[in-house]
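All remarks here apply to the structure that follows.
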Amino acid sequence: HAGAPGLVPGRQHDHCGEEQGQAQQHLVGRRLSGAQRLALIGQKVERNFTFDRAKIDEEARTVWLSIASDQPYERWWGVEILDMNRKSIRDQRLKKGLPILVDHNSTDIVGKAESYEFTNDGKLRLLARFGKSARAEEIWQDVLDGIRRNTSVGYVIHDLVLEKSEEG
């Protein structure tokens, strides 16, 4: 991952038995062959976001995390733009409270998602609550100290729509 070590809200990959992520991505970029498009469907991908440090609640041990955004994101196949329509998000696991994982490791659970919200600026955020185990305390302290400032969120591509091709 680029940047600081990632703290992963457990919005993870199908093969791990966890969250299935966005239903649809819009692309601006290279024209994909039918085989390339099909190969991307079902693939796990990751994006990096930052903690909302102004929203840390030390007593409750919570912080708001961005976990999806409609901001363009460069991929090898072009620019990915996530469809942030509520109907495009598979939220079954969000509703149940996702685990908060360290570095995408499904055995390194340090908390859980308490709630989530769609923002007016095209983001999906969740309220992460950190546990009180020694490991959770270590990661929580890194968040408080500004050592861990980023999150890395995994999701699965379920559909792709090519909006335009910018091949030269």
Checklist entry - Is it true that Arg93 is open to solvent by 60 Å² or more (accessible area, probe 1.4 Å), without any contact (Cβ under 8 Å) to a residue 60 or more places away in the chain and either touching a helix residue (DSSP H, G or I) at 6+ places or on another chain (Cβ under 8 Å) or more than 19 Å from Asp57 (Cβ to Cβ) (or both)? => result no
Checklist entry - Can Ile67 be described as out of contact with any Leu (no Cβ under 6 Å at 6 or more places or on another chain), open to solvent by less than 70 Å² (accessible area, probe 1.4 Å) and touching a residue at least 60 places away in the same chain (Cβ under 8 Å)? => result no
Checklist outcome for this item: Over segment 54-93, the set of residues charged (D, E, K, R) and outside any strand (DSSP E or B) is Lys55, Glu58, Glu59, Arg61, Asp70, Asp83, Arg86, Lys87, Arg90, Asp91, Arg93
Next on the checklist: Looking at segment 34-67 only, could you name the residues that are at pLDDT 85 or above and of a type in the set (Gly, Ala, Ser)?
Outcome noted: Ala54, Ala60, Ser66
Item to check | Close pairs (7 angstrom Cβ cut-off, 6 or more residues apart or separate chains): closer than 15 Å to Leu124 by Cβ in segment 34-50, at pLDDT 70 or above and assigned to a loop (DSSP other than H, G, I, E, B) anywhere | outcome: Thr50/Arg149
Checklist entry - In segment 114-168, how many residues are in a strand (DSSP E or B), open to solvent by 40 Å² or more (accessible area, probe 1.4 Å) and under 30 Å from Gly34 (Cβ atoms)? => result 5
Item to check | Cβ-Cβ under 7 Å pairs, at least 6 apart or on other chains, segment 142-157 side small (Gly, Ala, Ser), far side assigned to a loop (DSSP other than H, G, I, E, B) | outcome: Ser152/His1; Ser152/Gly6; Ser152/His104; Gly154/Arg11; Gly154/Gln12; Gly154/His13; Gly154/His104
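The values are calculated or read from the model by the stated rules, or taken from the named source; none is laboratory data. Note that the coordinates shown come from a computational prediction; the quantities given were computed from them, not determined experimentally. All Cβ positions, even for glycine, are placed from backbone atoms using ideal geometry, and neighbour counts span all protein chains on display. In case anyone asks, the SASA skips ligands and DNA or RNA and just uses the protein heavy atoms, side chains included. Shrake-Rupley method; radii C 1.70, N 1.55, O 1.52, S 1.80 Å.
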